[in-house]
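Below is one structure, written out as C-alpha coordinates, with a few remarks after it.
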Amino acid sequence: MRDNPIVPTIDLAADGVRHGFLRLPYSRDDSAWGSVMIPLTVVKNGSGPTALFAGANHGDEYEGPLALQELALELDPARIQGRVIIVPFMNYPAFRAGLRTSPIDRGNLNRTFPGRPDGTVTEKIADYFARTLLPEADIVLDFHSGGRTLDFVPFASIHHLPDAALQARAHAAMAAFGAPYSMMLREIDAVGMFDTIAEKMGKVFVTTELGGGGTATARSVAIARRGCRNLLIHAGILQGEIERRDSVMLDMPSTDCFIFSEDDGMIEPRVDLGQQVRSGDELARIWPVDRTGKPPRSYRATMDGLLVARHFPGLIKPGDCLAVLAVEVGSRQ
Ligand code: ZN
(Lines give C-alpha, C1' and ligand atoms only; values in the text may rest on other atoms or scores of the structure.)
Protein backbone atom coordinates (compact mmCIF):
# COMPACT_ATOMS: atom_id res chain seq x y z
CA MET A 1 0.00 0.00 0.00
CA ARG A 2 1.08 3.59 -0.59
CA ASP A 3 2.79 5.62 2.10
CA ASN A 4 0.56 8.03 3.95
CA PRO A 5 1.34 11.65 2.98
CA ILE A 6 1.09 12.85 6.60
CA VAL A 7 4.47 13.87 8.02
CA PRO A 8 5.05 14.54 11.72
CA THR A 9 7.06 17.72 12.31
CA ILE A 10 8.65 16.22 15.44
CA ASP A 11 10.52 13.03 16.22
CA LEU A 12 7.92 10.68 17.72
CA ALA A 13 10.61 8.44 19.20
CA ALA A 14 12.84 10.96 20.99
CA ASP A 15 12.99 11.40 24.76
CA GLY A 16 11.60 14.57 26.33
CA VAL A 17 8.59 16.72 25.46
CA ARG A 18 7.94 17.68 21.86
CA HIS A 19 5.07 19.81 20.60
CA GLY A 20 4.49 19.73 16.86
CA PHE A 21 2.07 18.81 14.15
CA LEU A 22 0.98 16.05 11.86
CA ARG A 23 1.29 17.91 8.56
CA LEU A 24 -1.21 16.70 5.97
CA PRO A 25 -0.72 18.17 2.48
CA TYR A 26 -3.98 19.71 1.28
CA SER A 27 -3.87 21.80 -1.87
CA ARG A 28 -6.73 24.27 -2.13
CA ASP A 29 -7.82 27.70 -3.35
CA ASP A 30 -6.38 29.68 -0.44
CA SER A 31 -3.14 27.67 -0.13
CA ALA A 32 -1.80 26.03 -3.28
CA TRP A 33 0.83 23.90 -1.57
CA GLY A 34 -0.82 24.12 1.82
CA SER A 35 -1.32 21.62 4.60
CA VAL A 36 -3.71 20.76 7.41
CA MET A 37 -1.66 21.08 10.61
CA ILE A 38 -2.93 18.67 13.27
CA PRO A 39 -1.34 19.55 16.63
CA LEU A 40 0.28 16.77 18.63
CA THR A 41 2.55 16.34 21.62
CA VAL A 42 4.80 13.41 22.41
CA VAL A 43 6.17 12.93 25.93
CA LYS A 44 8.71 10.15 26.30
CA ASN A 45 11.14 8.84 28.84
CA GLY A 46 13.14 5.71 28.05
CA SER A 47 11.57 2.38 27.25
CA GLY A 48 8.10 1.34 28.32
CA PRO A 49 4.56 1.19 27.05
CA THR A 50 3.07 3.70 24.62
CA ALA A 51 -0.27 5.37 25.30
CA LEU A 52 -2.15 7.03 22.45
CA PHE A 53 -4.66 9.59 23.77
CA ALA A 54 -6.93 11.29 21.26
CA GLY A 55 -9.78 13.79 21.30
CA ALA A 56 -12.07 15.40 18.72
CA ASN A 57 -12.45 12.27 16.65
CA HIS A 58 -15.74 14.12 16.27
CA GLY A 59 -15.11 17.85 16.07
CA ASP A 60 -17.90 19.09 18.35
CA GLU A 61 -16.95 17.14 21.49
CA TYR A 62 -14.84 19.08 23.99
CA GLU A 63 -13.96 17.14 27.13
CA GLY A 64 -11.15 15.21 25.39
CA PRO A 65 -9.58 18.25 23.72
CA LEU A 66 -9.70 20.21 27.00
CA ALA A 67 -8.17 17.45 29.11
CA LEU A 68 -5.55 16.65 26.47
CA GLN A 69 -4.50 20.27 25.95
CA GLU A 70 -3.75 20.42 29.66
CA LEU A 71 -2.01 17.05 29.66
CA ALA A 72 0.21 18.14 26.75
CA LEU A 73 1.09 21.30 28.63
CA GLU A 74 1.82 19.70 31.99
CA LEU A 75 2.96 16.11 31.58
CA ASP A 76 6.50 15.88 32.95
CA PRO A 77 8.74 13.32 31.24
CA ALA A 78 10.69 12.87 34.49
CA ARG A 79 7.54 11.39 36.03
CA ILE A 80 6.84 8.87 33.27
CA GLN A 81 8.36 5.70 31.95
CA GLY A 82 7.47 5.03 28.32
CA ARG A 83 5.69 7.33 25.92
CA VAL A 84 2.45 9.30 25.64
CA ILE A 85 1.27 10.43 22.21
CA ILE A 86 -1.34 13.17 22.62
CA VAL A 87 -3.56 14.26 19.73
CA PRO A 88 -6.24 16.57 21.18
CA PHE A 89 -7.95 17.20 17.82
CA MET A 90 -7.93 14.11 15.59
CA ASN A 91 -10.33 15.43 12.97
CA TYR A 92 -8.78 18.89 13.10
CA PRO A 93 -10.79 20.47 10.24
CA ALA A 94 -14.02 19.30 11.92
CA PHE A 95 -12.83 20.59 15.29
CA ARG A 96 -11.98 24.02 13.91
CA ALA A 97 -15.42 24.23 12.33
CA GLY A 98 -17.14 23.09 15.55
CA LEU A 99 -18.74 20.26 13.59
CA ARG A 100 -18.98 16.52 13.98
CA THR A 101 -17.72 15.95 10.43
CA SER A 102 -15.08 17.61 8.30
CA PRO A 103 -16.11 20.73 6.37
CA ILE A 104 -13.56 19.72 3.70
CA ASP A 105 -15.08 16.40 2.65
CA ARG A 106 -18.00 15.84 5.09
CA GLY A 107 -15.97 12.92 6.46
CA ASN A 108 -17.10 11.42 9.76
CA LEU A 109 -13.67 10.23 10.96
CA ASN A 110 -15.15 7.60 13.26
CA ARG A 111 -16.95 5.95 10.34
CA THR A 112 -13.92 6.14 8.03
CA PHE A 113 -11.44 3.63 9.48
CA PRO A 114 -9.23 2.07 8.29
CA GLY A 115 -9.13 4.96 5.82
CA ARG A 116 -7.02 5.34 2.70
CA PRO A 117 -3.59 6.91 2.14
CA ASP A 118 -4.78 8.16 -1.27
CA GLY A 119 -8.28 9.18 -0.21
CA THR A 120 -9.95 12.31 1.13
CA VAL A 121 -8.44 14.40 3.94
CA THR A 122 -10.51 12.49 6.50
CA GLU A 123 -9.54 9.13 4.96
CA LYS A 124 -5.86 10.11 5.13
CA ILE A 125 -6.17 10.98 8.83
CA ALA A 126 -7.83 7.62 9.50
CA ASP A 127 -5.14 5.76 7.57
CA TYR A 128 -2.37 7.52 9.48
CA PHE A 129 -3.86 6.53 12.81
CA ALA A 130 -4.59 3.00 11.61
CA ARG A 131 -1.24 2.18 10.04
CA THR A 132 1.26 4.49 11.77
CA LEU A 133 0.14 5.43 15.28
CA LEU A 134 -2.02 2.48 16.37
CA PRO A 135 0.62 -0.21 15.76
CA GLU A 136 2.92 1.68 18.15
CA ALA A 137 0.34 1.92 20.94
CA ASP A 138 -0.23 -0.44 23.86
CA ILE A 139 -3.22 1.43 25.26
CA VAL A 140 -5.57 3.80 23.45
CA LEU A 141 -7.97 6.37 24.87
CA ASP A 142 -10.44 7.88 22.39
CA PHE A 143 -12.50 10.65 23.97
CA HIS A 144 -16.07 11.18 22.86
CA SER A 145 -19.07 13.10 24.11
CA GLY A 146 -22.48 13.66 22.64
CA GLY A 147 -21.62 16.58 20.40
CA ARG A 148 -24.28 19.06 19.41
CA THR A 149 -27.12 16.55 19.04
CA LEU A 150 -26.77 14.15 21.99
CA ASP A 151 -26.14 14.36 25.73
CA PHE A 152 -24.90 11.49 27.92
CA VAL A 153 -24.44 10.56 31.55
CA PRO A 154 -20.63 10.56 31.90
CA PHE A 155 -19.21 7.12 31.18
CA ALA A 156 -16.06 5.35 30.09
CA SER A 157 -16.76 2.34 27.91
CA ILE A 158 -15.44 -0.76 26.20
CA HIS A 159 -17.03 -3.38 23.96
CA HIS A 160 -17.82 -7.04 24.30
CA LEU A 161 -14.83 -8.63 22.51
CA PRO A 162 -14.29 -12.12 21.10
CA ASP A 163 -10.89 -12.21 22.86
CA ALA A 164 -11.82 -12.64 26.55
CA ALA A 165 -8.31 -11.82 27.77
CA LEU A 166 -8.25 -8.56 25.80
CA GLN A 167 -11.73 -7.69 27.08
CA ALA A 168 -10.56 -8.26 30.67
CA ARG A 169 -7.59 -5.94 30.13
CA ALA A 170 -9.85 -3.31 28.57
CA HIS A 171 -12.28 -3.70 31.47
CA ALA A 172 -9.50 -3.09 34.00
CA ALA A 173 -8.46 0.02 32.06
CA MET A 174 -12.07 1.30 31.95
CA ALA A 175 -12.38 0.78 35.71
CA ALA A 176 -9.10 2.64 36.27
CA PHE A 177 -10.38 5.60 34.22
CA GLY A 178 -12.90 6.07 37.05
CA ALA A 179 -15.85 7.74 35.32
CA PRO A 180 -19.10 7.91 37.32
CA TYR A 181 -20.48 5.23 34.95
CA SER A 182 -18.71 2.36 33.15
CA MET A 183 -20.47 0.97 30.11
CA MET A 184 -20.32 -2.22 28.07
CA LEU A 185 -21.19 -0.32 24.91
CA ARG A 186 -23.28 -1.65 22.05
CA GLU A 187 -22.86 0.17 18.74
CA ILE A 188 -25.63 0.81 16.23
CA ASP A 189 -23.09 0.10 13.50
CA ALA A 190 -19.43 -0.57 14.39
CA VAL A 191 -18.15 -0.53 10.80
CA GLY A 192 -15.49 2.10 10.19
CA MET A 193 -14.93 2.95 13.83
CA PHE A 194 -11.50 3.63 15.39
CA ASP A 195 -12.60 1.31 18.21
CA THR A 196 -13.21 -1.60 15.87
CA ILE A 197 -9.83 -1.57 14.15
CA ALA A 198 -7.91 -0.93 17.38
CA GLU A 199 -9.64 -3.85 19.06
CA LYS A 200 -8.95 -6.06 16.02
CA MET A 201 -5.28 -5.16 16.40
CA GLY A 202 -5.41 -6.37 20.01
CA LYS A 203 -5.08 -2.94 21.57
CA VAL A 204 -6.50 -2.08 24.98
CA PHE A 205 -9.04 0.51 23.85
CA VAL A 206 -11.10 2.74 26.13
CA THR A 207 -13.58 5.26 24.84
CA THR A 208 -15.92 7.67 26.62
CA GLU A 209 -19.15 9.60 26.36
CA LEU A 210 -18.71 12.34 28.90
CA GLY A 211 -21.54 14.77 28.24
CA GLY A 212 -22.63 16.61 25.15
CA GLY A 213 -24.71 19.37 23.72
CA GLY A 214 -21.72 20.78 21.88
CA THR A 215 -19.94 22.02 25.00
CA ALA A 216 -18.31 20.80 28.22
CA THR A 217 -19.07 21.33 31.90
CA ALA A 218 -16.75 21.80 34.87
CA ARG A 219 -17.77 18.34 36.05
CA SER A 220 -17.30 16.58 32.71
CA VAL A 221 -13.84 18.10 32.15
CA ALA A 222 -12.78 17.10 35.67
CA ILE A 223 -13.83 13.51 34.88
CA ALA A 224 -11.80 13.60 31.65
CA ARG A 225 -8.70 14.96 33.41
CA ARG A 226 -8.85 12.42 36.20
CA GLY A 227 -9.41 9.65 33.65
CA CYS A 228 -6.29 10.60 31.66
CA ARG A 229 -4.11 10.57 34.72
CA ASN A 230 -5.62 7.36 36.12
CA LEU A 231 -5.20 5.55 32.83
CA LEU A 232 -1.55 6.56 32.51
CA ILE A 233 -0.89 5.27 36.04
CA HIS A 234 -2.83 2.08 35.27
CA ALA A 235 -0.70 1.55 32.13
CA GLY A 236 2.47 1.77 34.22
CA ILE A 237 3.56 4.94 32.43
CA LEU A 238 2.93 7.66 35.03
CA GLN A 239 4.04 7.54 38.66
CA GLY A 240 1.35 8.07 41.28
CA GLU A 241 -1.76 6.60 42.82
CA ILE A 242 -4.96 5.98 40.88
CA GLU A 243 -7.74 8.17 42.22
CA ARG A 244 -10.42 5.50 42.69
CA ARG A 245 -14.07 6.44 42.44
CA ASP A 246 -17.30 4.50 42.64
CA SER A 247 -18.54 3.72 39.18
CA VAL A 248 -21.96 2.37 38.24
CA MET A 249 -21.49 -0.55 35.83
CA LEU A 250 -23.88 -0.49 32.88
CA ASP A 251 -24.68 -2.84 30.03
CA MET A 252 -26.68 -2.45 26.83
CA PRO A 253 -28.20 -5.92 26.44
CA SER A 254 -29.97 -5.45 23.10
CA THR A 255 -30.86 -3.01 20.35
CA ASP A 256 -34.00 -2.19 22.40
CA CYS A 257 -31.65 0.22 24.17
CA PHE A 258 -31.96 2.69 21.31
CA ILE A 259 -35.10 4.72 20.71
CA PHE A 260 -35.33 6.70 17.48
CA SER A 261 -37.70 9.48 16.55
CA GLU A 262 -40.27 8.97 13.80
CA ASP A 263 -41.58 12.51 14.09
CA ASP A 264 -40.64 16.06 13.28
CA GLY A 265 -41.17 18.45 16.09
CA MET A 266 -40.26 19.82 19.48
CA ILE A 267 -39.03 17.41 22.12
CA GLU A 268 -40.32 17.52 25.68
CA PRO A 269 -38.18 15.34 27.94
CA ARG A 270 -40.28 13.47 30.51
CA VAL A 271 -37.25 11.85 32.15
CA ASP A 272 -33.80 13.31 32.73
CA LEU A 273 -30.39 11.71 32.27
CA GLY A 274 -29.50 9.18 34.96
CA GLN A 275 -33.12 8.51 35.94
CA GLN A 276 -34.43 4.96 36.27
CA VAL A 277 -37.40 3.99 34.11
CA ARG A 278 -39.64 0.95 33.72
CA SER A 279 -40.66 -0.50 30.39
CA GLY A 280 -43.61 1.53 29.14
CA ASP A 281 -42.74 4.73 31.01
CA GLU A 282 -42.96 7.86 28.93
CA LEU A 283 -39.45 9.07 28.02
CA ALA A 284 -40.37 12.07 25.91
CA ARG A 285 -43.12 13.70 23.93
CA ILE A 286 -42.72 15.20 20.52
CA TRP A 287 -45.01 18.16 19.98
CA PRO A 288 -46.05 19.29 16.51
CA VAL A 289 -44.58 22.58 15.37
CA ASP A 290 -46.74 23.15 12.30
CA ARG A 291 -50.07 23.84 14.03
CA THR A 292 -51.89 24.13 17.36
CA GLY A 293 -54.65 21.87 18.61
CA LYS A 294 -52.84 18.61 17.84
CA PRO A 295 -51.64 16.29 20.63
CA PRO A 296 -47.97 15.28 21.05
CA ARG A 297 -46.69 11.81 20.27
CA SER A 298 -45.42 9.83 23.27
CA TYR A 299 -42.19 7.85 23.18
CA ARG A 300 -41.94 5.13 25.80
CA ALA A 301 -39.19 3.01 27.34
CA THR A 302 -38.78 -0.31 25.56
CA MET A 303 -37.17 -1.92 28.62
CA ASP A 304 -36.42 -1.28 32.30
CA GLY A 305 -33.25 0.73 32.67
CA LEU A 306 -31.45 4.00 33.15
CA LEU A 307 -31.64 6.92 30.72
CA VAL A 308 -27.99 7.25 29.60
CA ALA A 309 -28.38 9.44 26.52
CA ARG A 310 -30.92 11.80 25.04
CA HIS A 311 -31.37 13.93 21.97
CA PHE A 312 -30.03 17.36 22.79
CA PRO A 313 -31.41 20.36 20.94
CA GLY A 314 -35.05 21.29 21.30
CA LEU A 315 -36.06 20.28 17.78
CA ILE A 316 -36.01 16.69 16.54
CA LYS A 317 -36.69 14.96 13.23
CA PRO A 318 -37.42 11.42 12.00
CA GLY A 319 -34.41 9.12 12.40
CA ASP A 320 -32.76 11.12 15.19
CA CYS A 321 -31.66 9.13 18.22
CA LEU A 322 -34.16 10.22 20.86
CA ALA A 323 -32.95 8.21 23.86
CA VAL A 324 -30.62 5.40 24.92
CA LEU A 325 -31.30 3.12 27.86
CA ALA A 326 -28.87 0.86 29.71
CA VAL A 327 -29.21 -1.55 32.59
CA GLU A 328 -27.29 -1.29 35.82
CA VAL A 329 -25.25 -4.41 36.51
CA GLY A 330 -23.67 -3.39 39.81
CA SER A 331 -21.17 -0.89 41.04
CA ARG A 332 -17.54 -1.12 41.90
CA GLN A 333 -14.49 0.86 42.74
ZN1 ZN B 1 -18.04 11.18 19.14
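For segment 98-136, backbone nitrogen atoms closer than 20 Å to the point 7 Å from ASP30 Cα along Cα-to-C-beta are found at 98-107, 121-122. The dipole here belongs to the chain: it is taken about the Cα centre, uses +1 on the Cβ of Lys and Arg and -1 on the Cβ of Asp and Glu, and is about 240 debye.
Gain on full extension, evaluated as 0.36 nm per residue between LEU315 and LEU166 minus their Cα-Cα distance, stands at 49.6 nm. Given R0 = 30 Å, the distance between the Cβ atoms of ARG2 and ILE188 translates into a calculated FRET efficiency of 0.40. Here the simple spin-label model places points 7 Å from the Cα toward Cβ, and for SER254 and ARG116 these points are separated by 3.9 nm. Shown for the chain: lysine pairs separated by 8 or more places, or found on different chains, whose C-alpha atoms are under 23 Å apart, numbering 4. Solvent-accessible area assigned to carbon and sulfur over segment 206-271 amounts to 45 percent, based on a 1.4 Å probe.
Distance between the 7 Å Cα→Cβ label points at GLN276 and ARG219: 1.9 nm. Taking Cα centre as origin and charging only the Cβ of basic (Lys, Arg, +1) and acidic (Asp, Glu, -1) residues, the dipole magnitude of segment 18-126 rounds to 300 debye. Probing with 1.4 Å while keeping every protein chain in the model, the per residue accessible area of the chain equals 43 Å².
Positive-end ranking of ALA56, ALA97, ALA72 along the dipole of the chain, with charges on Cβ about the Cα centre, is headed by ALA72. Cβ-Cβ distance of ASP76 and ASP246, R₀ of 25 Å, FRET efficiency by 1/(1 + (r/R0)^6): the value works out to about 0.30.
Ordering VAL329, TYR181, ILE38 by Cα displacement along the dipole of the chain toward the positive end leaves ILE38 in first place; charges were set at the Cβ atoms of Lys, Arg (+1) and Asp, Glu (-1).
The values are calculated or read from the model by the stated rules, or taken from the named source; none is laboratory data. Since we're looking at a predicted model, the values are computed, not measured. Every residue, glycine as well, gets a Cβ built from its backbone with ideal geometry; the counts of neighbours run over all protein chains shown. These area figures cover heavy atoms from the full protein model, side chains too; ligands, DNA and RNA do not enter into them. Shrake-Rupley method; radii C 1.70, N 1.55, O 1.52, S 1.80 Å.
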